[in-house]
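Undergrad: The structure follows.
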Amino acid sequence: MKTTFSNLFGYLSLATLAICPSLEAEIRMAPSIEAVAAKRGSGDAVYKKSRNAKTAEPVTVERETKSLLGSCEFLSGARGFTIVPKGAVVMAGSNLQLSVTPPKDGKFLNWSEFHHAHRAYLRILPVTEAQWMGEEPLDPLQETLTQLEKTGMTLATSLKGQLVSLHNLKNTSTTNQS
Amino acid sequence: MKSLKLIFFSVVGCGVLKADSPWTISLVQRQLDTGSLFQSYVDEHGEELSAAAVPEGGAEFQLWAFKRENGIFEELLLDTEVVGTYMPTGELKIITPDPYDGPIPRTRIDQGFTVQHTVGGLVASSSSTDAPLAARQILLTHQVASYEPGANWETAPEYGSLLPAEDFNQLSIQQNGTDELRFAAGNIPGNDPYRDAGLETFQLFALPDGEIAQLQLDEAQVQIWPLSKGEIKGIDEDQTYTLIPTVEVELMNLYPDSKTWMQIYKGPPSPGTEGVRLEESTIVVNDLKPRNSRLVFRELQKVFTDGGPWTLEVLTETPFGVEILDTVQLNILKDLKIRGALLSLGDE
């Protein structure tokens, strides 16, 4: 009786410690270093088997690191600052500052908000779709730019209400490197 | 020059775009031949025609999220798309045995993965020998980068510090359609599967054509994690015990999605046996990186009901199955009586 009771106590103790959930997956040994080594190193063979050709000579790839802030400039005014595509501000006037680094202070505004807040100092040069597509010359735009140089206004090119930078338009902006 | 139809784009909320999000979403369109930029601000959710037409030379669309906190700007490239009249298209997809659907798929060094590439818009070489090279083939590149040797996952940054990437291989894809590269194991360099880990990057590029530089069409990455290791310490298999000693279990590189526990069963080791699980010993890992851990069992006396040979095993369950990390045989004196009080089993 004593032995039976102590055995029962032992089983109950084990039961309080252990749970026997049924595993659905088969239990197997973890892979050995040798087994893993046999699989590794087969990557080149995958390329040889491909129906596509390995390049005859290694092609050098110029990988660029994309950055929104790296391709933009910061236009600041009394009521905040905004981010503009590099080259969209073709002339920086006396009341707004253009820089390649963000200002330390000031509230960020999207372009519409910034334009509205600083419209007294901004002049928008509308770009036609044909000029954007390169189907029309930029000379008329360049002439307008030259005429407005002495007004002290900040000039920016815009397509359908949003800023656009034109690669071939001569930029006379002054950018503060800070 | 005829312009392409304007394209739709849709902005779908991603993990960073929650209610009252501090992020601003911006869509940038870059003409491939001139580099001219068109930038607009878009809502977190929406769909509309692109405001600027796409020239024949093609355009790259970049969808960005950026914010400014404490005077510091942070930017995230959410997506890119390249479109054009004579622009080939390419898409990559990585498939691994791990169903994890985070930003970067993952697998283990011994488990392998599949890279699926889908290409369109290529001109068949035989049909037009005058077609430029860029219209006839796409470049697939494969780079590998190792995490720093001896990485301590407890202190490593989210994904660990990567060494510079190395070129592994390249393919020239000249046929439209979908094809696969199936790797049986990770391609991270090294010969220690308990330490080798890193990131493999696959990219598709349109080739140089005139003034257009090599243009990335798509990119896919896969994280490779090392093998897990477990060691049961404190048991001498040549000794017969009357009093069970303290047992320690050292665990290394527990997979980011794993459950690890100790089990016992009567008799000598027999791999594949489903024993009694010591539930208080279970370690659940649900993380972005592996974890090291340690278990200490000070009072196993109560666990064993009688003498004879017993087996202790540490098991780990991952998306790749249930595996035994270590096994020891514990010989207990026959007719051993249970004595003593049960104290806790714990994870240190």
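The values are calculated or read from the model by the stated rules, or taken from the named source; none is laboratory data. None of the values given here were measured: they were computed from a predicted structure. Every residue, glycine among them, receives a Cβ derived from its backbone with ideal geometry; neighbour counts consider all protein chains shown. What goes into the accessible areas is simple: the full protein's heavy atoms, side chains included, and nothing from ligands, DNA or RNA. Shrake-Rupley method; radii C 1.70, N 1.55, O 1.52, S 1.80 Å.
Undergrad: Using a 10 Å cut-off on Cβ to Cβ distances, tally the other chain neighbours for every residue of B:232-239 and report the average as a whole number. Can you show the working numbers first?
TA: Values: counts 0, 0, 0, 0, 0, 0, 0, 0.
For peptide B:232-239, the averaged partner shielding equals 0.
Undergrad: Efficiency by 1/(1 + (r/R0)^6): what FRET value for A:HIS167 and B:ALA184, r their Cβ-Cβ distance, R0 = 56 Å, to the nearest 0.05? Working shown, then result.
TA: Details: r = 48 Å, r/R0 = 0.85.
Efficiency computed from Cβ-Cβ geometry: 0.70.
Undergrad: Which residues of segment B:72-104 bury at least 50 Å² of accessible area once all protein chains are present, versus their chain alone (1.4 Å probe)?
TA: SASA drop of 50 Å² or more in segment B:72-104: B:PHE73, B:GLU75.
Undergrad: Here's something else I'd like to know. Using 0.36 nm per residue of separation minus the Cα-Cα distance, give me the extension gain between B:ILE95 and B:GLN329 in nm, one decimal. Walk me through the numbers on the way to the answer.
TA: Values: separation 234, 0.36 × 234 = 84.24 nm, distance 3.95 nm.
Computed gain between B:ILE95 and B:GLN329 is 80.3 nm.
Undergrad: Rounded to the nearest 0.05, what FRET efficiency do B:GLU166 and B:ARG68 give with R0 = 35 Å and r taken as the Cβ-Cβ distance? Could you check?
TA: Numbers: r = 36 Å, r/R0 = 1.02.
The computed FRET efficiency comes out at 0.45.
Undergrad: Karplus couplings for segment B:310-320 from phi (6.51 cos²θ - 1.76 cosθ + 1.60, θ = phi - 60°), rounded to Hz, Gly and Pro as x?
TA: For segment B:310-320, the Karplus-derived couplings read 10, 10, 10, 9, 10, 10, 9, 10, 10, x, 9 Hz, x marking Gly and Pro.
Undergrad: Would you check the accessible area of B:THR34, probe 1.4 Å, heavy atoms only, in square angstrom rounded to 10?
TA: Number for this one is 40 Å².
Undergrad: Keeping all protein chains in position, work out how much accessible area B:ASP192 exposes to a 1.4 Å probe, and write it in Å² to the nearest 10.
TA: That residue has around 50 Å² of solvent-accessible surface.
Undergrad: What total accessible area, in Å², is buried where chains B and A meet, using a 1.4 Å probe and rounding to the nearest 100? Please list the in-between numbers first.
TA: Numbers: alone 18850 and 14220 Å², together 25910 Å².
About 7200 Å² of accessible surface is lost on pairing.
Undergrad: For segment B:172-245, report the accessible area per residue in Å² (1.4 Å probe, heavy atoms, rounded to an integer). Provide the component values of the computation, followed by the final result.
TA: Working: 3170 Å² over 74 residues.
Ligands and nucleic acids excluded, the figure is 43 Å² per residue.
Undergrad: A follow-up question, please. Just tell me how shielded A:79-91 is by partners: mean number of partner chain Cβ atoms within 10 Å of each residue's Cβ, no decimals.
TA: Working: counts 0, 0, 1, 1, 8, 2, 8, 3, 3, 4, 0, 0, 0.
What the average comes to for A:79-91 is 2.
Undergrad: Over segment A:69-151, with every protein chain in place, what whole percent of the accessible area is carbon and sulfur at 1.4 Å, could you tell me?
TA: Details: 2060 of 4170 Å².
Carbon plus sulfur share of accessible area: 49 percent.
Undergrad: Could you please state how large a percent of the accessible area of segment B:214-306 is carbon and sulfur, counting protein chains only and using a 1.4 Å probe? All intermediate terms of the calculation are to be shown ahead of the outcome.
TA: Details: 1430 of 3570 Å².
That fraction is 40 percent.
Undergrad: Please work out how much accessible surface B:SER228 shows to a 1.4 Å probe, ignoring ligands, DNA and RNA, in Å² rounded to 10.
TA: Spelled out: B:SER228, probe radius 1.4 Å, area about 10 Å².
Undergrad: Same structure again: In terms of solvent-accessible area of protein heavy atoms at a 1.4 angstrom probe, what is the ranking of B:ILE173, B:ILE104, highest value first? Please list the in-between numbers first.
TA: On the way: B:ILE173 0, B:ILE104 30 Å².
The ordering from most to least exposed comes out as B:ILE104, B:ILE173.
Undergrad: So how do A:97-109, A:139-151 stack up, highest first, on mean other-Cβ count within 10 Å? Walk me through the intermediate numbers first.
TA: On the way: A:97-109: 15.5, A:139-151: 13.1.
Ranked from most to least packed, the peptides come out as A:97-109, A:139-151.
Undergrad: I've got another one for you. What are the residues whose amide H is under 5 Å from the amide H of B:LEU325, where those residues sit 5 or more places off or on another chain and H is modelled from the backbone?
TA: Placed amide hydrogens put B:VAL314, B:LEU315, B:THR316 under 5 Å from B:LEU325.
Undergrad: Shielding of A:64-73 by partners, i.e. mean partner chain Cβ atoms within 10 Å per residue? Don't jump to the answer; show the numbers that get you there.
TA: Numbers: counts 4, 1, 9, 4, 12, 5, 1, 7, 7, 0.
Per residue, the average neighbour count from other chains is 5.
Undergrad: Under 14 Å between alpha carbons, and skipping anything fewer than 8 positions from A:LYS86 in its own chain: which aspartates and glutamates qualify?
TA: Answer for A:LYS86, where 14 Å is the Cα cut-off: A:GLU73, listed by chain and number.
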